[in-house]
Amino acid sequence: MLWIAAAFILSLRMPGANPEGALSVLMEPDGTGTWRMLIAQFEKENPDIPIQMVEGPPATNAREDLYAASFLSGKAGFDIVYCDVVWTAKFAAAGWLRDLTDRLSRQDLNDFLPQELEAGSYKGRVYRIPAFTDAGMLYYRKDLVESPPVTFDDLERQARQLQNGNRWGFLWQGKQYEGLTTVFLEILWGFGGEWIDAKTKQVYLDSREAVKALEFLKKTIGTISPPAVTSYIEEDTRTLFQAGRAVFLRNWPYVWTLVRESPVKDKVAFVPMVHAPEESSAATLGGWGFAVSETSSRVEDAWKFVKFITGTEQMKVMYERMGRIPSRRSLVPAEFVPIIEKARMRPAIPEYAQASDILQRWVSAALTGRPGCEEALKKAAEETRALLGHAK
């Protein structure tokens, strides 16, 4: 994959690929045109700082590879990094990001969500400025569900009762990619389990709680969830849910904006993810922010853009046009507060990408066939401990 990424980066350096003097940033596909609009606003206010936005692939891990290839090439690549919450530790540990700690105002430090600031930090220093936050949540058809589920048993029972030949009970993201990690973690935490302790690097994947979590997901397949759920990503599940083809959906806050313009508008509500009795709900923390590349020769200009794009007014636009929840406490819509407050970080370790790959592979293997849940998690735990250099 990295050689493909390297070829892509090289193409950006071809004549005409980048306007002279422009700061470059690799972004997600700009389907709504919001990023172009905000960049145009910045350029209008700062005519001497043109921005070259490169639209990368929609898959997060593919864009991570592109950034990594850019840095590993040893040449000046992107000036600004559009950074996922789980990239910070890896990129900062590698020396690819500028330390922005001393550039943050006291007002910003107090206004940004604490968990988003933490997700943008490495060894106590801030490298990524939050733009918007994410947290997994459970959507449901309020015209069908009398009382939303609280526990896993509630969810399974209601899904069975309310599904029929035209709609499934429960949709979630089961493809082997980062989305599967986020779903599994919410189930794992809901059973009281843990994955990796970021401080001690202890691994808990072979625990009783982890086995229960994987067994729960596996038994939904073909019963309350479609057999093809193991190939679904966010948009697959959103499309089905909006078409009235499911009772419950696990997804992110962006769906709330889109579902209100769908055939099931006014029929949908959301609650925190369910959990086991005597345990508590937990959402996987997501979100994106902006960082300044260590290779950029125009640090002050890059910082000016980062400060602009993570400003209050820009966050309001992101929410109104894209459904992205602002990462400032003062802007989080009240209905999302109970879920955002319970959002939990994935382990902030430089080896995160490899650890997540291990988890995805073994969870996917158990969901789609052999081995069994207990054996798969045992293998995942062994590989993760080997990766982190931590014996049991």
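The values are calculated or read from the model by the stated rules, or taken from the named source; none is laboratory data. Only a predicted model underlies this, so the values are computations on that prediction, with no experimental measurement involved. When we count neighbours, we look across all protein chains shown, and the Cβ atoms used for this are built from the backbone with ideal geometry, even at glycine.
Values for this structure:
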item: Pairs where the first residue, in the stretch 300-319, is without any contact (Cβ under 8 Å) to a residue 40 or more places away in the chain and farther than 16 Å from Leu113 by Cβ and the second is of a type in the set (Val, Ile, Thr) and surrounded by 16 or more Cβ atoms within 10 Å (Cβ to Cβ), C-beta under 9 Å, 6+ apart; result: none
item: Single match in Val255, Val306 (criterion: crowded, with 17+ Cβ neighbours inside 10 Å, outside any strand (DSSP E or B) and not assigned by TED's automatic domain parsing to the domain that holds Val126); result: Val255
item: Any pair with Cβ under 7 angstrom, 6 or more apart, that starts in the stretch 116-130 at a residue that is among the aromatic types (Phe, Trp, Tyr) and ends at one that is part of a helix (DSSP H, G or I); result: Tyr122/Thr88; Tyr122/Ala89; Tyr122/Ala92; Tyr122/Ala93; Tyr127/Thr88; Tyr127/Ala92
item: Hits in the stretch 143-165 (condition: in contact with a strand residue (DSSP E or B) (Cβ under 9 Å, 6 or more places away or on another chain) and farther than 19 Å from Lys219 by Cα); result: Asp143, Leu144, Val145, Pro148
item: Extreme residue, surrounded by the fewest Cβ atoms within 10 Å (Cβ to Cβ), among residues of the stretch 135-149 that are of a type in the set (Ser, Thr, Tyr) and part of a strand (DSSP E or B); result: Tyr140
item: Hey, Ala365 surrounded by 20 or more Cβ atoms within 10 Å (Cβ to Cβ) and in contact with a helix residue (DSSP H, G or I) (Cβ under 9 Å, 6 or more places away or on another chain) or not; result: no
item: Single residue of Ser225, Ser280 found to be among the polar types (S, T, N, Q), buried (at least 22 other Cβ atoms within 10 Å of the Cβ) and either closer than 25 Å to Phe132 by Cα or over 21 Å from the mean Cα position of the chain (by Cα) (or both); result: Ser225
item: Test: residue in the stretch 152-160 that is buried (at least 19 other Cβ atoms within 10 Å of the Cβ) and closer than 17 Å to Ala283 by Cα; result: yes
item: Of all residues making up the stretch 219-247, the number that are without any contact (Cβ under 8 Å) to a residue 12 or more places away in the chain and in a loop (DSSP other than H, G, I, E, B); result: 1
item: Residues within the stretch 34-73 that are over 18 Å from the mean Cα position of the chain (by Cα), within 22 Å of Asp84 (Cβ to Cβ) and assigned to a loop (DSSP other than H, G, I, E, B), tallied; result: 1
item: Test: residue in the stretch 81-101 that is part of a loop (DSSP other than H, G, I, E, B), of a type in the set (Gly, Ala, Ser) and either buried (at least 24 other Cβ atoms within 10 Å of the Cβ) or touching a residue at least 60 places away in the same chain (Cβ under 8 Å) (or both); result: yes
item: Leading residue by the ranking (farthest from the chain's Cα centre (by Cα)) among those in the stretch 150-169 that are in a loop (DSSP other than H, G, I, E, B) and more than 12 Å from Phe248 (Cβ to Cβ); result: Gly165
item: Qualifying residue in the stretch 335-356 (condition: assigned to a helix (DSSP H, G or I) and more than 21 Å from the chain's Cα centre (by Cα)); result: no
item: Within the stretch 188-218, tally of residues that are in a helix (DSSP H, G or I), basic (Lys, Arg) and either over 30 Å from Gly165 (Cα atoms) or free of Cβ contacts under 8 Å to residues at least 24 places away in the same chain (or both); result: 1
